[in-house]
Amino acid sequence: MVPMQDMDDLLNAHPFFAGLSPRLLEELAGCARNERFDAGDYLFQEGGVADRFYILRHGQVAVEVKAPHAGAVVLETLHTDDTLGWSWLVPPHHWTFDARAVTLVRAVSLDGVCLRGKMETDHELGFHLLSRFVPVMGERLRAARLQMLDLYAPPGLTPPA
Amino acid sequence: MDAAAAAALADRLTETAAAARLPASLTEGDPWRPRPFRIDRWRRDLSDTFTVDLVPLDGPPLTFAPGQFNMLYVHGAGEVPISISGDPDQPERLVHTTRAVGQVTNAMKALRVGDTLGVRGPFGTPWPVEAAFGHDVVIVAGGIGLAPLRPLIHAVLARRERFGTVVLLYGARTPEDILYRAAVTAWRGRFDMSVHVTVDRATGRWSGPIGMVTKLIARGGFDARDTMAYVCGPEVMMRHAAQALIDKGVAAERLFLSMERNMKCAIGLCGHCQWGADFVCKDGPVFRYDRVAARLAQAEV
Ligand SMILES: Cc1cc2nc3c(=O)[nH]c(=O)nc-3n(C[C@H](O)[C@H](O)[C@H](O)COP(=O)(O)OP(=O)(O)OC[C@H]3O[C@@H](n4cnc5c(N)ncnc54)[C@H](O)[C@@H]3O)c2cc1C
Ligand code: FES
């Protein structure tokens, strides 16, 4: 268990939370806890209840989907300082992919139920969290679209853009 | 192309040059006439990509600057622009890495050691190397785009002490499509260079990152405000990589990329390679980003 003040500092040092006021950091720290996963562990699995999101402090996580006949297909990997998971924001709050630790992973998880409760009354917190999540979602969407274009495919195989 | 046809073409081009009143200096080296080179070494890099080492059958080797290209004639098939991908400090071997995508490049792929190729060049603007003295160097490659950047990597490592942090970021389609795997592995093992490779998709034992090369840029590891960046890959990739570098804080006038357009003469006469106000063969292929950013944003120019 990390003392509360340390958790404040930890969140404060993370780029995702840069610029948040001490009050908001303290609110967030109240919903946060440190977690550790060994290589091969799942942080969450498709269909499970999305009750948190993660800030990766160390290690690599594969976001994957189970495809028929192909086993698990890795869609992307996330790394130190990346944010993982936003299904906790969107009803019905179910994970839509698997997240598997590729290496040892140290992360901070933020409890979605705790946060949703606070955001209902604390709109400043809600605003600041959402305005940090939307660019991350936009960036992932952009990356996914580029990946879909299969840019390095042999010319004959390139799907029409 | 047979010898007679090559000679006829050379004559025609020389007439064109005379008509255009070109300075004698330009016609002196006879940039129209391909010089014969022998394939001294042939190796397969990837299923559709191969590298040839060429040695001249007549005269001295070609000296070149990183980023320049040659026009390669395959007898009976035609001529294509291909970047020089060898070490500029070892010009006695002229190295070209080519992906077989169409008529000429497939004909070239069928050649073997001992066969001859016609070579005109080197042409085009180089990657500016000395301009990066005292700065961090970030090299971003996508797919076959690593080939035109390899001479730059050689040049930078040959004067390693002149630069700050040196970073290579490389995006490939799959782990099996990583070009120059042995060299990339060797560079990764160096203490004075950081190398990150990402792939779009992976099966099996790949434990590295999966995702776009733009994500590697966002992760940093260099001092963006004091960085020279060099980008080569498919155009869409270069657009997004350039934007990611700018977002990170790299100045547009310290960012360079290499463009591809179809070519014929390669010396700024025929207009085949026109791109906006520039001819890619002589004003490029290496361009400074701030000079072409607006044009690059438009899909087909
Ligand atoms: C400066 C420069 C440097 C280069 N360096 C390299 C290099 O180092 N290595 C390398 O492998 N290549 C390089 N290229 C690209 C190379 O020149 C081309 O791949 C080559 O000219 C193709 O010739 P080809 O006759 O084999 O193919 P072509 O028969 O001309 O066709 C090429 C491919 O493009 C497709 N194609 C043709 N026209 C169109 C069109 N209008 N729209 C979409 N697709 C089309 C065809 O279907 C085919 O798959 C470079 C190009 C330039 C300009
Ligand atoms: S190829 Fe002729 S002008 Fe560029």
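The values are calculated or read from the model by the stated rules, or taken from the named source; none is laboratory data. Source: prediction; values computed, not measured. When we count neighbours, we look across all protein chains shown, and the Cβ atoms used for this are built from the backbone with ideal geometry, even at glycine. With ligands, DNA and RNA removed, areas are computed over all heavy atoms of the protein, side chains included. Shrake-Rupley method; radii C 1.70, N 1.55, O 1.52, S 1.80 Å.
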Inset, instruction - With respect to A:Thr96, determine if the residue is under 19 Å from A:Leu10 (Cα atoms), within 16 Å of the chain's Cα centre (by Cα) and surrounded by fewer than 18 Cβ atoms within 10 Å (Cβ to Cβ). - result: no
Legend entry - Subset of region B:196-219 (residues that are at positive phi and in contact with a Gly (Cβ under 9 Å, 6 or more places away or on another chain)): B:Gly211
Legend entry - Whichever residue in region B:267-278 is more than 25 Å from B:Arg99 (Cβ to Cβ) and more than 8 Å from ligand 2 (Cβ to nearest atom) and, among such residues, is farthest from the other protein chains (Cβ to nearest Cβ): B:Ala277
Legend entry - region B:63-76: number of residues that are buried (at least 18 other Cβ atoms within 10 Å of the Cβ) and either more than 15 Å from ligand 2 (Cβ to nearest atom) or hydroxyl-bearing (Ser, Thr, Tyr) (or both): 7
Inset, instruction - Search region B:94-122 for residues that are basic (Lys, Arg) and pair each with any residue that is open to solvent by less than 10 Å² (accessible area, probe 1.4 Å) when their beta-carbon atoms are under 7 Å apart and the residues are at least 6 apart or on different chains. - result: B:Arg99/B:Thr49; B:Lys109/B:Phe50; B:Arg112/B:Ile39; B:Arg120/B:Asn70; B:Arg120/B:Met71; B:Arg120/B:Ala266
Legend entry - Subset of region B:92-145 that is more than 19 Å from B:Tyr73 (Cβ to Cβ) and within 9 Å of ligand 1 (Cβ to nearest atom) - its residue that is surrounded by the most Cβ atoms within 10 Å (Cβ to Cβ): B:Gly145
Inset, instruction - Select from region B:126-148 the residues that are within 18 Å of the chain's Cα centre (by Cα) and not in a helix (DSSP H, G or I) and list them in ascending order. - result: B:Pro126, B:Trp127, B:Pro128, B:Val129, B:Val137, B:Val138, B:Ile139, B:Val140, B:Ala141, B:Gly142
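Given the structure, is B:Tyr289 within 20 Å of the chain's Cα centre (by Cα) and more than 23 Å from B:Gly121 (Cβ to Cβ)? Outline the logic, then answer.
Numbers: within 20 Å of the chain's Cα centre (by Cα): yes; more than 23 Å from B:Gly121 (Cβ to Cβ): yes.
Yes, satisfied.
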Legend entry - Residues being more than 15 Å from A:Glu27 (Cα to Cα) and in a loop (DSSP other than H, G, I, E, B) - total across region A:108-134: 0
Legend entry - Some residue of region B:267-289 being over 24 Å from B:Gly78 (Cα atoms), outside the structural domain of B:Leu245 (by TED's automatic domain parsing) and in a helix (DSSP H, G or I): yes
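From the residues in region B:78-91 that are open to solvent by less than 30 Å² (accessible area, probe 1.4 Å) and in a loop (DSSP other than H, G, I, E, B), which one is nearest to ligand 2 (Cβ to nearest atom)? Quick ask: steps written out before the conclusion?
The first filter runs over region B:78-91 and keeps only residues open to solvent by less than 30 Å² (accessible area, probe 1.4 Å), leaving B:78, B:80, B:82, B:84-86, B:88, B:91.
Within this subset, residues satisfying the condition of being in a loop (DSSP other than H, G, I, E, B) are B:84-86, B:88, B:91.
Values: B:Ile84: 17, B:Ser85: 20, B:Gly86: 23, B:Pro88: 23, B:Pro91: 24 Å.
Filtering region B:78-91 for residues that are open to solvent by less than 30 Å² (accessible area, probe 1.4 Å) and in a loop (DSSP other than H, G, I, E, B), the one nearest to ligand 2 (Cβ to nearest atom) comes out as B:Ile84.
What tally of residues in region B:248-266 results from selecting those that are near ligand 2 (Cβ under 9 Å from one of its atoms) and in contact with a helix residue (DSSP H, G or I) (Cβ under 6 Å, 6 or more places away or on another chain)? Talk me through it step by step, then tell me what you get.
Just the residues of region B:248-266 that are near ligand 2 (Cβ under 9 Å from one of its atoms), to begin with: B:261-266.
Subset that is in contact with a helix residue (DSSP H, G or I) (Cβ under 6 Å, 6 or more places away or on another chain): B:261, B:263, B:266.
Count: 3.
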Legend entry - Qualifying residues in region A:134-146 (those that are surrounded by fewer than 17 Cβ atoms within 10 Å (Cβ to Cβ), in contact (Cβ under 8 Å) with a residue 12 or more places away in the chain and not small (Gly, Ala, Ser)) - the one nearest to the other protein chains (Cβ to nearest Cβ): A:Val136
Inset, instruction - Could you please give the count of residues in region B:241-266 that are farther than 23 Å from B:Tyr73 by Cβ and within 16 Å of ligand 1 (Cβ to nearest atom)? - result: 2
Legend entry - region A:108-127, residues that are touching a residue at least 12 places away in the same chain (Cβ under 8 Å) and hydroxyl-bearing (Ser, Thr, Tyr): A:Ser109
